[in-house]
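Participant: Have a look at the structure that comes next, please.
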Amino acid sequence: MHLDFNVLASDKPAARKPNGLAVSTIVGAVLLACVVCLVLANLAAVVVAYGSDTEVARSQIVVKLIRFFDVDREGNLPSWFSTLQLFGIALLSLAIGTLRFRWRLAWTHHWFVLSLLFATLSLDESASLHEWTIPHVRTALGVGGFLYWAWVVPGAIFVLALTAFFWRFVFDLPLVIRLLAVCSAGLYLAGALGLEMVGGYYFELKGGRDLHYAFITTAEESLEMMGLSLFIYALIRYAEMTFSVNPVLRQPSG
């Protein structure tokens, strides 16, 4: 088996149908497998952390493993994976925008803004910048309950502004890409805002983390990683549909 790449030799996009296994399919399958493995590892970690009082659960090595796979912590494997997902989307958007700029196609600037947006989100994921705002926003607005993690207030306003900015851009996408993009955004926001609010309510109610809270954060991060994976798949498939670069995995002839 070998990878077959069309070269960008022309000055105009030339869409074509792949004759083999498209790279978008391969990447999508790999990302899905990674998400499933991370979620299962996290579930094992939180069950041991909150559901066991044995000496094994309190041993130094097990504690380190729990922290390494816990999706509710920063600077570990799930956090790095999400950071790479976000940065990958930024690079894909930049590549698509660059090609559209070269061929003088519409919506070029929206692709560049999308790239900048996800590069910023990648930085935020790696450095947890939004969490620094929580106590300040909570104090300023005097909120609690579902708004206990108070960054969701400016976050929701920001999402509405992005929706207004990208509305026409999204509806100009091919139907299948549009549906994939909307579904991926829905999954991501259901986790990042929806379950974040549920988690904040539960955290304030119980006064800290427990096994049930860990299940909430697991669902939250799972939706976020699934949404990002679906969007990466959508971007690669869009490139395959739109441009002459369309890598496919072929069986060698003969």
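None of the figures in this text is laboratory data; all of them are computed from the coordinates on show. In this text, all values refer to a predicted model and were calculated from it rather than measured experimentally. Quick reminder, even Gly has a Cβ in these numbers, built from the backbone with ideal geometry, and neighbours come from all protein chains shown.
Participant: What is the calculated FRET efficiency for PHE158 to ARG73, with r their C-beta to C-beta distance and R₀ = 22 Å, to the nearest 0.05? If you can, show how the numbers build up before the last one.
Facilitator: On the way: r = 25 Å, r/R0 = 1.11.
After rounding, the FRET efficiency stands at 0.35.
Participant: Take the Cβ-Cβ distance between LEU205 and ALA29 as r, set R0 to 45 Å, and report the resulting FRET efficiency rounded to the nearest 0.05.
Facilitator: On the way: r = 39 Å, r/R0 = 0.87.
It comes out at approximately 0.70.
Participant: Taking neighbour counts of Cβ atoms within 10 Å as a proxy for exposure, in what order, fewest first, do THR139, THR217 appear? Mind dumping the intermediate values first?
Facilitator: Numbers: THR139 10, THR217 23.
Placing the least packed residue first, the sequence is THR139, THR217.
Participant: Which residues' amide hydrogens lie under 5 Å from the amide hydrogen of ALA22, considering only partners 5 or more residues apart or on another chain, with H built in the peptide plane?
Facilitator: So ALA22 has HN proximity to LEU249.
Participant: Related question: I need the trypsin sites (Lys or Arg not before Pro) found in the range 58-105, filtered to DSSP loop residues with at most 11 other beta carbons within 10 Å of theirs. Show your work: numbers first, answer last.
Facilitator: Details: sites: ARG58, LYS64, ARG67, ARG73, ARG100, ARG102, ARG104; in loops: ARG73, ARG104.
Loop-located and lightly packed - ARG104.
Participant: In the range 82-245, if the dipole is taken from +1 on Lys/Arg beta carbons and -1 on Asp/Glu beta carbons about the Cα centre, which of GLY88, PHE171, GLY186 is farthest to the positive end?
Facilitator: Towards the positive end, the residue furthest out is PHE171.
Participant: Report ³J(HN,Hα) in whole Hz for each residue of the range 141-156, in order, from the Karplus equation J = 6.51 cos²θ - 1.76 cosθ + 1.60 where θ = phi - 60°; Gly and Pro get x.
Facilitator: 9, x, 9, x, x, 5, 9, 4, 7, 5, 4, 5, 5, x, x, 5
Participant: Mind giving me the FRET efficiency for LEU84 and THR120? R0 is 22 Å, r the Cβ-Cβ distance, nearest 0.05 is fine. Please list the in-between numbers first.
Facilitator: Details: r = 15 Å, r/R0 = 0.68.
In this case the efficiency is close to 0.90.
Participant: Turning to a different aspect of this structure: For the residues ILE177, ILE96, what sequence is obtained by ranking on other C-beta atoms within 10 Å, fewest first?
Facilitator: On the way: ILE177 16, ILE96 23.
The order, fewest Cβ neighbours first, is ILE177, ILE96.
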